[in-house]
Ligand SMILES: Cc1cc2nc3c(=O)[nH]c(=O)nc-3n(C[C@H](O)[C@H](O)[C@H](O)COP(=O)(O)O)c2cc1C
């Protein structure tokens with residue numbers, strides 16, 4: 001179960017650099033894309049920067065809809081991340097193809113993904129220079145949610161399944177207990 005947490009703590013959900021799944025909806029079409037290159041850039045108000053390829057469909061959805069959710073997936077979602085990052089929402093319905101279930105957000109129109117460790121509902125904060133020079137999309141967090149058993153001012157990682165996913169490169173990932181998973185084979 002997710003609980004709403006103070007916006008003052010919102011950036012702590014991604015302080016340690018987990019792979020996130022960004023979801024955004026434009027014209028009733030939802031896209032979901034893994035993003036590893038992101039960072040908090042302000043605590044008050046909480047603002048997150050994402051580096052997103054300008055040809056990615058999620059980029060278009062975010063720019064046109066002006067909002068998105070940052071979903072923080074647990075370890076069990078690692079194979080879906082590879083699948084979801086290997087095709088474009090322009091060509092396929094990734095929600096169906098990857099077997100995600102989505103749910104309405106409260107502060108934004110884009111939906112969040114069920115079964116996540118945390119969710120940040122973000123509104124696009126457009127900075128033309130960062131966008132044009134570096135494809136950096138900024139989101140101001142309007143609502144933050146975290147797994148009630150696993151977050152108490154910071155992540156707790158109480159069980160093996162409830163760990164975030166970290167991208168080492170290609171199809172190799174690691175988890176906060178130091179275990180490395182290579183999905184190449
Ligand atoms: C683990 C992982 C991390 C990724 N991180 C990023 C990232 O930080 N920025 C980015 O632009 N693309 C990243 N990608 C690539 C996109 O997710 C991928 O190109 C995706 O298919 C784009 O889909 P879309 O066209 O539906 O947006 C990543 C892919 C994977 C598998």
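A short reminder: the numbers here are calculations on the coordinates, not readings from a lab. Bear in mind that the values here come from a model prediction, so they are computed numbers and not experimental data. So basically every Cβ, Gly included, is an ideal-geometry build from the backbone, and we count neighbours across all protein chains shown.
Counting neighbouring beta carbons within 10 Å and listing from fewest to most, the residues 152, 127 come out as 152, 127.
Each listed q (0.09, 0.18 Å⁻¹) maps to a log10 I(q)/I(0) for region 58-185, found by the Debye formula over equal Cα scatterers with no solvent: -0.30, -1.19. Per-residue ellipticity at 222 nm, computed for the chain from helices alone with -39500 (n - 2.57) per DSSP H run of at least four residues, works out to -4000 deg cm²/dmol. For the chain, relative contact order (Cα pairs under 8 Å, six or more residues apart, normalised by length) works out to 27 percent. Placing a label point 7 Å from the Cα of residue 43 along the Cα-to-Cβ direction, the residues of region 126-168 with a backbone N closer than 14 Å are 153-154.
For the chain, modelled as a GNM whose springs connect Cα atoms under 10 angstrom apart, the maximal fluctuation among 50, 168, 120 occurs at 168.
Where the alpha-carbon atoms of region 1-52 are placed on the principal axes, they occupy 32, 25, 21 Å, in descending order.
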